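Worksheet: one structure, shown below.
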Amino acid sequence: MRAEMGTLESSINHRFSNPELLDRALTHSSAANESRTGAGPALCDNEQLEFLGDSILGFLIAEALMLRQPELHEGDLSRLKAHLVSAAHLHGVARRLDLGSYLELGRSEEMSGGRSKKTLLVDALEAVIAAIYLDGGMDPVRQFVAAHVLDAPFAGDEEAGTDIQPAITNFKSALQELAQSRKLPQPRYAIVRERGPEHSKTFTVEVRVGKDWAGQAEGRTKKIAAQRAARGLFDKLLETGAEAQAGE
């Protein structure tokens, strides 16, 4: 049984003039296929909306990065965009919106745990983006993408122990790619401190890139601490690159 759509509309801050668009965005092909063999009306699945939403998302991310980071070259912008539209990041966005609760699934997909499947959730998110665009135009979907994709909180801070990566992306991967693009040594991580009781430890992780670049951060888990440290050094490297470009 899917959850009440009004709750989702509140979460995404958009009340649909045409609620059928949101219904379709959350209807998986398994439900549409089953409906064609039943006595009720046939349903339309979300595959075309997913196709449109993927393109809209890519455009809006590119637009926002260009406006927010005018000093960056195409290569760095492309890496940031790739992380923001990655399945790992979009899965976290869909999880925070609890999109799985709103999916219309066929019986077999429901029985196989479709509400928590990464691919289904990412597809549904992209379809919702298209539905918002078709219902209200570019302004509301731009606001949605900014709030839920670009400026989302770090999932690692919220849900330690899950497989959701921090919101802008997996910063360990981002730092590794940035170091490679700058022809720097690969990042190395080390736990430099542990404090607190065994059931509630705080870890401090240091990351180093060669001899000249280093950063430290704390977290409730080693994974969170490492992601935070990577984020700090990633931002520092970007700032340094931007300053060098400005001085040319």
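Bear in mind these aren't lab numbers, they're just calculated from the coordinates by the rules spelled out. These numbers come from a predicted model, not from an experiment. Here the Cβ is made from the backbone with ideal geometry for all residues, glycine too, and neighbour counts use every protein chain on show.
Structural remarks
- For the chain, built as a Gaussian network whose Cα springs stay under 10 Å, the top-fluctuating residue of Ile191, Ile12, Ile132: Ile191
- For the chain, lysine pairs with C-alpha atoms less than 13 angstrom apart, excluding pairs fewer than eight positions apart on the same chain, total 4.
- Karplus-derived 3J(HN,Hα), 6.51/-1.76/1.60, for each residue of region 141-148, Hz, glycine and proline x: 6, 5, 5, 4, 5, 4, 6, 9
- Residue-count net charge about Lys117 - beta-carbon cut-off 12 Å; Lys, Arg +1, Asp, Glu -1: 0
- Residues Thr202 and Asp98, FRET efficiency given R0 of 22 Å [Cβ-Cβ distance, rounded to 0.05]: 0.15
- Cα→Cβ-extended label distance, 7 Å offset, between Glu9 and Lys118, nm: 3.3 nm
- DSSP-defined beta bridges in the chain - what % are antiparallel, rounded to 5: 95 percent
- Annotation for Ser108 and Gln48: the two label points, set 7 Å from Cα along the Cα-Cβ direction, are 2.4 nm apart.
- Shown in residue order for region 59-64 are the 3J(HN,Hα) couplings computed by the Karplus curve 6.51 cos²θ - 1.76 cosθ + 1.60 at θ = phi - 60°: 5, 5, 5, 4, 4, 5 Hz (x for Gly and Pro).
- Just checking the listed ones, Leu67, Leu120, Leu26: in the Gaussian network model of the chain with Cα springs under 10 Å, the one fluctuating most is Leu67.
- Calculated from the alpha-carbon coordinates, region 171-247 shows an Rg and a Dmax of 13.6, 50 Å respectively.
- The modelled label-to-label distance between Ala62 and Asp139, using points 7 Å beyond Cα along the C-beta direction, is 2.5 nm.
- Against the chain, whose longest principal axis comes from its Cα atoms, helix 118-136 is set at around 70 degrees.
- With the convex hull drawn over the C-alpha atoms of the chain, the volume per residue is 141 Å³.
- Highest-MSF residue in the chain out of Ala130, Ala230, Ala147 [GNM, Cα springs under 10 Å]: Ala147
- Relative frequency of Cα-Cα separations exceeding 21 Å in region 1-75, percent: 48 percent
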